[in-house]
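This report refers to the structure that appears directly beneath it.
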Amino acid sequence: MPDWVYAVILGIIEGLTEFIPVSSTGMMLLAKHGMGLTDPFWNTFAVMIQLGAILAVVVLYFRKLWGAVVTLPTDPASRRFAASVLLAFLPSVVLGLLLHDFIKGVLFDSPVVQCISLILGGIVLLLIDRMAPAPVQDDATRLTLKTSLIIGLFQVLAMMPGVSRSGATIVGAMLNRVDKRAAAEFTFFLAIPTMLGAFVLDAIESRDQLLAGGNLGLLAIGFVTAFVVALGVIKLMLAIVTRRGFAPFGWLRILIGGAGLALLTLA
């Protein structure tokens, strides 16, 4: 198949999985492995097209986000919201810079690790969905700073492909008595600086790969595809979470991880 078809396939996978707790990076890397994409560019591609999905959050929540930005100088609630997101983002900044090369060079090339992470994460989601303490915070823009920092520490776990950034942050939020829908929405907001930071870091470190013939075009295809697909997935995820919680995603993780291990064993 031509490379642009691979770019579209990976863009669809990213858009489908970025905001549901099944690990978009793990899913893309397993797909990359299955399609035989061994060029290091595809690892960079898998990270950078996540910004396309994140742009869908900006579009869908533009009014709320823009309102918080323009009222920062005058509204304490807006400043608190911004501080909570930045505080949650901080742990990933520190450890992301320290461990970036190890994560991308070692864990990104270990499909077995990704499959095991999917299964274990699925089990955790099933347990948390049933056993999480009763929520006392139901507004994603008004979480306490302590809760935000704890969620940020949980996000660090997602540096291992297969763990799921959204899954880790949702678990951290629910353990700290955040309502399921609010936990999901805060995860969306936290994704904006997190994925923007990852995009910029990879763009700087992989600029030679990106400037190679045709790679920028492939990246643009994946970026746009991820954005379009994610627009629909965000609303669908919130509907599922509101009605059925996170159990469906837990079972989905276990199914995908188990199937991946079986295929790796037979290969």
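Residues checked against (1) in contact with a Ser or Thr (Cβ under 9 Å, 6 or more places away or on another chain); (2) at pLDDT 85 or above; (3) of a type in the set (A, V, I, L, M); (4) within 25 Å of L238 (Cβ to Cβ):
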site	(1), (2), (3), (4)
G52	yes, yes, no, yes
A68	yes, yes, yes, yes
S78	yes, yes, no, yes
S84	yes, yes, no, yes
L87	yes, yes, yes, yes
G96	yes, no, no, no
Give all pairs with beta carbons closer than 8 Å in which a residue from region 232-247 that is touching a residue at least 60 places away in the same chain (Cβ under 8 Å) meets a residue that is part of a helix (DSSP H, G or I) and surrounded by fewer than 12 Cβ atoms within 10 Å (Cβ to Cβ); count only pairs at least 6 apart in sequence or on separate chains.
A247/R130
Within 21 Å of S117 (Cα to Cα), surrounded by 12 or more Cβ atoms within 10 Å (Cβ to Cβ), touching a residue at least 40 places away in the same chain (Cβ under 8 Å) and more than 17 Å from the chain's Cα centre (by Cα): is that true of G250 in this structure?
no
Breaking point among (1) more than 25 Å from G260 (Cβ to Cβ); (2) in contact (Cβ under 8 Å) with a residue 40 or more places away in the chain; (3) in contact with a Ser or Thr (Cβ under 9 Å, 6 or more places away or on another chain); (4) not in a loop (DSSP other than H, G, I, E, B), for I192
(3)
Only listed residue being within 30 Å of F186 (Cβ to Cβ) and not charged (D, E, K, R), chosen from A212, A230
A230
Condition first: among the β-branched types (V, I, T) and more than 11 Å from the chain's Cα centre (by Cα). Now tell me which residues in region 9-35 satisfy that.
I9, I12, I13
Among the listed residues T74, T38, which satisfies the condition of being more than 20 Å from the chain's Cα centre (by Cα), more than 17 Å from G222 (Cβ to Cβ) and at pLDDT 90 or above?
T74
Residues of region 159-173 classified as assigned to a helix (DSSP H, G or I) and surrounded by 24 or more Cβ atoms within 10 Å (Cβ to Cβ), total
9
Complete set of residues in region 232-267 that are charged (D, E, K, R) and closer than 18 Å to M28 by Cα
R253
Taking region 1-51 and keeping residues part of a helix (DSSP H, G or I), charged (D, E, K, R) and farther than 15 Å from G214 by Cβ leaves E14, K32
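The values are calculated or read from the model by the stated rules, or taken from the named source; none is laboratory data. As the structure is a prediction and not an experimental result, all values here were calculated from the model. Because the Cβ atoms are built from the backbone with ideal geometry, glycine has one as well, and the counts that use them run over all protein chains shown.
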